[in-house]
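Asker: My questions all concern the structure below.
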């Protein structure tokens, strides 16, 4: 099976966005691929089983408050891209970034805030350091 072939997704996330085109361009700039798009949603894929659906809000509807408060979506980063490269892509798109930094749970993470306020953590494994 190729990465673009349809499959039953054991899990995915849907993000409600005010501007589907802007959000799609942002995610594609980071390296997500577009699997499908229609008038209501865009299906994006970071890697196999790492799917995101961007769902546009109906015209005239506003969602008050900060999006994704307390939730961070995590995506494993393989050898094909570096966290520093992802940081540069995110900054070029005007995103707020934090890191990359080593975490106590043995990962190195870059946290990016998308144009809607959702937080994305791009994660690589780091060396275990004994205290």
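Asker: What value, in deg cm²/dmol to 500, does the helix sum -39500 (n - 2.57) over DSSP H runs of n ≥ 4 give at 222 nm once divided by the residues of the chain? Please list the in-between numbers first.
Answerer: Details: 2 runs with 21 residues, N = 131.
Rounded to the nearest 500, it is -5000 deg cm²/dmol.
Asker: Classify the range 82-131: rounded, prolate or oblate, from the alpha-carbon gyration tensor (a ≥ b ≥ c, eigenvalue square roots; a/c under 1.5 rounded; otherwise prolate if a/b is larger than b/c)?
Answerer: Values: a/c = 3.39, a/b = 2.15, b/c = 1.58.
Prolate shape, in that a/c is at least 1.5 and a/b is the bigger ratio.
Asker: No solvent, one uniform scatterer per C-alpha: report log10 I(q)/I(0) for the range 1-54 via the Debye equation at q = 0.18, 0.21, 0.22 1/Å, two decimals.
Answerer: For the range 1-54, the Cα-only Debye profile gives -0.54, -0.74, -0.81.
Asker: Still on this structure, I have one more. Counting DSSP beta bridges with both partners in the chain, what percentage is antiparallel, nearest 5?
Answerer: Taking every DSSP beta bridge within the chain, about 70 percent pair in antiparallel fashion.
Asker: If you average the C-alpha positions of the range 1-49 and of the range 84-131 separately, how far apart do those two centres end up, in angstrom?
Answerer: 20 Å
Asker: Once both axes come from the Cα atoms, what is the angle between helix 83-92 and the longest principal axis of the chain, in degrees from 0 to 90, rounded to 10?
Answerer: 40 degrees
Asker: Using a 10 Å cut-off on Cβ atoms, rank the peptides 7-13, 73-79 from the highest mean neighbour count down.
Answerer: On the way: 7-13: 9.7, 73-79: 13.9.
Highest-to-lowest ranking by the protection proxy: 73-79, 7-13.
Asker: Contact order normalised by length for the chain, with contacts defined as Cα pairs under 8 Å and 6 or more residues apart; what percent is it?
Answerer: After rounding, I find 22 percent.
Asker: How many percent of Cα pairs in the chain exceed 20 Å?
Answerer: The share of Cα pairs beyond 20 Å in the chain comes to 47 percent.
Asker: In the range 9-23, which residues have a backbone nitrogen under 18 Å from the label point lying 7 Å from residue 62's Cα in the Cα-to-Cβ direction?
Answerer: 16-20
Rule-based calculations on the coordinates, nothing more; no lab input. Quick caveat: nothing in here was measured; it's all calculated off a predicted structure. Glycine gets a Cβ as well: all are built from the backbone with ideal geometry, and neighbour counts include every protein chain shown.
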